[in-house]
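First up is the structure itself, then whatever we jot down about it.
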């Protein structure tokens, strides 16, 4: 089961396996492992196999694309017609989508069957997957640990090879942090590269979808499926199509790697720091040079994020009113009472906290001090990156300050949970592309992630930098034992 | 610092019902989060243009033409309560 997307696609092309056979193998593995890991919220073998047979028929007609027949799992934030889309919430527990997200329609057009919908923090708000209405996900490397979040189900599914790849979304680190904590590769594209249409909204100026898979090469191939202009997303960018795999083989000689001093200071666990330093040594051996850069305002990214993201969320989530779709309270006195009971019963505690923070910072008399101030510092953070990229081609550092923490360790204190995204959030605020790839293990034998931040629209270069590292190392081929 | 009364007011603005015990818990947690956010106030941002979006994009215009098919039945099939093509809510006018 430890095959890359590329290897599966070659297997299908040579006729050595059918998509239906591949899907059956993965579905069997899901059936066996999901009771332990809780990575999937919805599995529907009939639907999966129907899509797989259609992919096989398409191949038989000679109409297969490069990834036709290769299955993927989708984070339950994406709407797919006829499938539930719960977003990890009681609010949408019974919602079956009547339409396809743009990302889903792209996978359908590529002929890639869906293995099901993966678990996630409620409305993508969380860094441990513990806020899901459908229960926590366990880390396949150590079932006492969280898989990270919010795309924790997708990360655990890929790490346990219950799916060869999965989709995720990243608003403040929700692809990269769980990828780091589960030892897989994940990519958050430049804001605007992948359409948000049909992706349930959290913070619209930050939300971006991307691939999660064992390797960077896999992520490049999946980006070729996911990216592209879509008129239905008003922030989708009209850019010429690109082949994200085009630079994979480029040598790294002369590559300038920027190391932000702010990412290597207090707060970084020693074992994570050591694994990242060892990765930097590999890069130097490959001919790259490192330069120190400064991101002086990045320390403010967590406070800025916890103004902007809740503000946007409080607006986006006002749509859950018990009228047009989703949960409605069973008993109420009048319309206001219906709204208040529906939202009190339908949302979990973390979502309510963020809606209330957002409501407060946008309320009369506080807007300038909070929301506007946060937007101004957001610009300073973006300008820091622009300045840094004058001296380097990519920025490297840790993805998360520690390896995966234990289930329940941070649930009592929201602020401690928020600080686990301290190295990822600035990238979303600036709208830059970022990746995480496995680079070793911590003292507790849990995976460590190396973060690569690319220049705006620098995905192909970033994937090149990741792929060359993966040619020189085998961390991305490691699998948890005992599964 | 938010008072208990502030928390109740914010919860009402957000249309979320909170019990007295919940209000006390949210008061402590929200004040913790606001404490984190407070760091922003030390930064001099005079002359800095607020950044609303990651890209400098402008709203696209399109032809004023009908492009969506009529899918009312499919969309109302997921509503909590509908009748004759209408969404039902508690009576708002006596």
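Listed residues A:382, A:369, A:374; which is part of a helix (DSSP H, G or I), within 11 Å of another protein chain (Cβ to nearest Cβ), out of contact with any strand residue (DSSP E or B) (no Cβ under 8 Å at 6 or more places or on another chain) and under 30 Å from residue A:438 (Cα atoms)? Outline the logic, then answer.
Numbers: A:369 fails: under 30 Å from residue A:438 (Cα atoms); A:374 fails: under 30 Å from residue A:438 (Cα atoms).
Step by step, each of A:382, A:369, A:374 is checked, and only A:382 is part of a helix (DSSP H, G or I), within 11 Å of another protein chain (Cβ to nearest Cβ), out of contact with any strand residue (DSSP E or B) (no Cβ under 8 Å at 6 or more places or on another chain) and under 30 Å from residue A:438 (Cα atoms).
Give the residue that is farthest from the other protein chains (Cβ to nearest Cβ), with candidates limited to residues of region A:425-456 that are part of a loop (DSSP other than H, G, I, E, B) and over 17 Å from residue A:206 (Cβ atoms).
Quick first cut of region A:425-456, residues part of a loop (DSSP other than H, G, I, E, B) only: A:431-433, A:442-446, A:455-456.
Then keep just the ones that are over 17 Å from residue A:206 (Cβ atoms); that gives A:442-446, A:455.
Numbers: A:442: 26, A:443: 28, A:444: 27, A:445: 32, A:446: 26, A:455: 13 Å.
Among those residues, the one meeting the criterion is A:445.
For residue A:98, indicate whether it is more than 18 Å from residue A:40 (Cβ to Cβ), over 16 Å from the mean Cα position of the chain (by Cα) and not assigned by TED's automatic domain parsing to the domain that holds residue A:352. First the steps, then the outcome.
Details: more than 18 Å from residue A:40 (Cβ to Cβ): yes; over 16 Å from the mean Cα position of the chain (by Cα): yes; not assigned by TED's automatic domain parsing to the domain that holds residue A:352: yes.
Criteria met by residue A:98.
Within region B:1-58, count every residue that is surrounded by fewer than 13 Cβ atoms within 10 Å (Cβ to Cβ), more than 21 Å from residue A:309 (Cβ to Cβ) and facing chain A (nearest Cβ under 7 Å).
Residues flagged as surrounded by fewer than 13 Cβ atoms within 10 Å (Cβ to Cβ), more than 21 Å from residue A:309 (Cβ to Cβ) and facing chain A (nearest Cβ under 7 Å) within region B:1-58 amount to 0.
Any idea which residue in region A:168-189 is surrounded by the most Cβ atoms within 10 Å (Cβ to Cβ), counting only those that are part of a loop (DSSP other than H, G, I, E, B) and touching a helix residue (DSSP H, G or I) at 6+ places or on another chain (Cβ under 7 Å)?
A:174
Mind listing just one residue for me: the one in region A:284-304 that is touching a strand residue (DSSP E or B) at 6+ places or on another chain (Cβ under 6 Å) and not in a strand (DSSP E or B) and, of those, farthest from residue B:42 (Cα to Cα)?
A:288
Can you tell me which residue is nearest to residue B:46 (Cα to Cα) among those in region A:342-357 that are outside any loop (DSSP other than H, G, I, E, B) and at the interface with chain B (Cβ under 8 Å from one of its Cβ atoms)?
Among them, the one singled out is A:357.
Within region A:217-236, count every residue that is farther than 17 Å from residue A:105 by Cβ, modelled with pLDDT of 95 or more and either within 14 Å of the chain's Cα centre (by Cα) or within 14 Å of another protein chain (Cβ to nearest Cβ) (or both).
So the answer is 1.
Could you tell me which of the residues A:73, A:52, A:80 is touching a helix residue (DSSP H, G or I) at 6+ places or on another chain (Cβ under 8 Å) and over 25 Å from residue A:136 (Cα atoms)?
Within the list A:73, A:52, A:80, the selection yields A:52.
State which residue is surrounded by the most Cβ atoms within 10 Å (Cβ to Cβ) when the search covers only region A:90-106 and only residues that are within 27 Å of residue A:148 (Cβ to Cβ), in contact with a helix residue (DSSP H, G or I) (Cβ under 6 Å, 6 or more places away or on another chain) and within 14 Å of chain B (Cβ to nearest Cβ).
For region A:90-106, the residue satisfying everything is A:91.
Does any residue of region A:464-471 turn out to be out of contact with any helix residue (DSSP H, G or I) (no Cβ under 9 Å at 6 or more places or on another chain) and under 22 Å from residue A:221 (Cα atoms)? Before the answer, list the steps.
To start, the set of residues in region A:464-471 that are out of contact with any helix residue (DSSP H, G or I) (no Cβ under 9 Å at 6 or more places or on another chain) comprises A:471.
Among the residues that remain, those that are also under 22 Å from residue A:221 (Cα atoms) are: A:471.
There is at least one residue in region A:464-471 that is out of contact with any helix residue (DSSP H, G or I) (no Cβ under 9 Å at 6 or more places or on another chain) and under 22 Å from residue A:221 (Cα atoms).
Please go through region A:315-335 and give me each residue that is at the interface with chain B (Cβ under 7 Å from one of its Cβ atoms) and surrounded by fewer than 24 Cβ atoms within 10 Å (Cβ to Cβ), ordered by number.
A:323, A:324, A:325, A:328, A:332, A:334, A:335 - these are the residues of region A:315-335 that are at the interface with chain B (Cβ under 7 Å from one of its Cβ atoms) and surrounded by fewer than 24 Cβ atoms within 10 Å (Cβ to Cβ).
The values are calculated or read from the model by the stated rules, or taken from the named source; none is laboratory data. Keep in mind the model is a prediction, meaning the values are calculated, not measured. Heads up, the Cβs are rebuilt from the backbone with ideal geometry, glycines too, and the neighbour counts pull from every protein chain shown.
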